[in-house]
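Visitor: Got a structure here, written out as structure tokens. Questions coming.
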Amino acid sequence: MAYDRDLSFVYFGPTKVVFGAGTARDVGAEMAGLGCSRALVVTDPGVRKAGLVEGILKALGGQCVGIWDDVPQDTGLGVINRAADYARGRGADCVVSVGGGSVIDTGKGICILLTEGGGLEAIEGIQLLTRPQTPHIVVPTTAGTGSEVTCMAVVLDERKGQKILIVEYFNTPRIAILDPVMTEGLPPGLTASTGMDAMTHAVEALQSVQREPIADGLAMQAIRLLHRHLPACTQNGHDLAARGQVQLAATMAGWAFGNAMVGLVHAMAHSLGAVARVPHGIANGILLPHVMAFNLEEAAEAYAMAAEALGARERGMGEREAAEAAVSAIRSFLVRIGHPERLSQAGVKEEDLTRAAALSLSDGAIVNNPRPVLDAEEVLAVYREAF
């Protein structure tokens with residue numbers, strides 16, 4: 001990339017990463033290193049039923065003061081406010097989140113309220129906090145959101161029927177424990193959709209109006225690792241080597257978009273989540289090639305780079321041809337990993353599209369899209385292409 005000579009940026013990545021099979025058992029030692037002794041474990045019913053919480057509880061021993069597992073697919077303000085009240089009543093001085101994006105975002109919200117008090121509806125916005133928040137340790141059970149290393153939380157505001165974005169540097173998790181064993185039992189479909197969540201993070205970071213060299217490097221490596229190893233994970237969930245590489249890719253993509261931000265894919269996926277309850281990773285995966293086609297004129301250079309990481313740029317290809325090859329490669333990749341290709345396959349109804357298009361315009365992610373989007377009809381046209 002030919003960066004502008006006046007380019008200036010801040011790269012932020014304070015989370016300590018602990019990686020390796022079996023490292024989840026180190027959670028107690030990591031917690032002690034933070035000076036904490038009373039952990040609230042946050043998870044969801046599916047993760048708990050899968051038995052993934054038991055090893056964490058054993059590792060924590062008497063340091064666990066309670067478990068909150070009432071976390072839905074799309075966490076909301078009400079859930080987080082109730083969980084924080086519970087954590088406060090148990091005297092928790094840290095949060096250990098064991099789960100996917102919704103669980104981690106719930107943990108982030110609890111950490112804010114344990115420090116600041118009140119309800120999370122008062123914190124909606126960007127960089128409103130002025131001090132470090134309650135320590136947060138994350139043990140992901142999916143490989144996709146990157147939430148374990150970002151300062152962002154996406155939360156459903158039940159009053160508005162819309163997802164809101166909370167962006168707070170002071171609330172970035174302190175420690176992320178990436179243990180591929182924790183993702184071993186993830187079904188192929190969920191492995192594919194969470195992997196496409198990470199792929200979307202990386203591609204959108206690469207194309208963002210806030211892109212910068214460090215985030216570009218992380219995004220490119222994330223795309224390479226996902227392209228190489230995600231198919232193996234969908235074919236053989238017990239391949240821990242591949243699982244580990246996909247975990248690392250998701251974390252790299254998290255760091256990339258946490259600094260460069262995301263764009264129209266996420267604005268549209270957030271809106272579908274609010275309107276039609278489409279799982280975030282599935283929405284991202286389906287929409288990604290369609291939004292890339294929409295952005296092609298303004299993002300050809302970035303997509304040409306993505307084509308290199310996807311192994312789709314052949315010798316002699318020009319920038320535009322390589323960008324088009326990247327779009328085609330993503331479409332083919334969805335088929336290869338068994339991911340849905342149409343919104344209609346994800347339970348979306350045609351009548352959902354107009355409302356979701358209108359919501360997308362007010363989603364904060366849209367401002368970083370390389371092609372300015374000012375008209376809901378433009379968004380609706382992309383939805384219809386993907387329907």
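Visitor: Specify the residue that is surrounded by the most Cβ atoms within 10 Å (Cβ to Cβ); the eligible residues are those in the stretch 272-294 that are farther than 14 Å from Glu385 by Cα and over 15 Å from the mean Cα position of the chain (by Cα).
Guide: Restricting to residues being farther than 14 Å from Glu385 by Cα and over 15 Å from the mean Cα position of the chain (by Cα), the top hit is Leu272.
Visitor: Of all the helices (runs of 4 or more DSSP H) wholly in the stretch 1-84, which have at least 2 residues that are within 20 Å of the chain's Cα centre (by Cα)?
Guide: Filter on the stretch 1-84 gives 45-49.
Visitor: Just to check your reading of the model, which residue among Leu156, Leu114 is of a type in the set (A, V, I, L, M), more than 19 Å from the chain's Cα centre (by Cα), in the same structural domain as Asp70 (by TED's automatic domain parsing) and more than 23 Å from Arg25 (Cβ to Cβ)?
Guide: That would be Leu114, the only listed residue that is of a type in the set (A, V, I, L, M), more than 19 Å from the chain's Cα centre (by Cα), in the same structural domain as Asp70 (by TED's automatic domain parsing) and more than 23 Å from Arg25 (Cβ to Cβ).
Visitor: Select from the stretch 120-170 the residues that are touching a Ser or Thr at 6+ places or on another chain (Cβ under 9 Å), basic (Lys, Arg) and without any contact (Cβ under 8 Å) to a residue 40 or more places away in the chain and list them in ascending order.
Guide: Arg131
Visitor: Moving on to the next point. Could you give every pair whose Cβ atoms fall below 6 Å, whose first residue belongs to the stretch 70-86 and is surrounded by fewer than 23 Cβ atoms within 10 Å (Cβ to Cβ), and whose second residue is of a type in the set (D, E, K, R) and part of a helix (DSSP H, G or I), counting only separations of at least 6 or pairs across chains?
Guide: Listed pairs, sorted by first residue: Leu77/Glu121.
Visitor: Please determine, by comparing only the residues of the stretch 42-76 that are under 14 Å from Gly99 (Cα atoms) and touching a Leu at 6+ places or on another chain (Cβ under 7 Å), which one is modelled with the lowest pLDDT.
Guide: So, considering only residues that are under 14 Å from Gly99 (Cα atoms) and touching a Leu at 6+ places or on another chain (Cβ under 7 Å), the one modelled with the lowest pLDDT is Asp74.
Visitor: Does any residue of the stretch 313-331 turn out to be within 20 Å of Ala222 (Cβ to Cβ), assigned by TED's automatic domain parsing to the domain that holds Met199, of a type in the set (Lys, Arg) and assigned to a helix (DSSP H, G or I)?
Guide: yes
Visitor: Working only within the stretch 332-343, note down all residues that are assigned to a helix (DSSP H, G or I) and either more than 21 Å from the chain's Cα centre (by Cα) or among the small types (Gly, Ala, Ser) (or both).
Guide: Ser332, Val335, Arg336
The values are calculated or read from the model by the stated rules, or taken from the named source; none is laboratory data. Quick caveat: nothing in here was measured; it's all calculated off a predicted structure. FYI the Cβ positions are ideal-geometry reconstructions off the backbone, even for glycines, and counts take in every protein chain you see.
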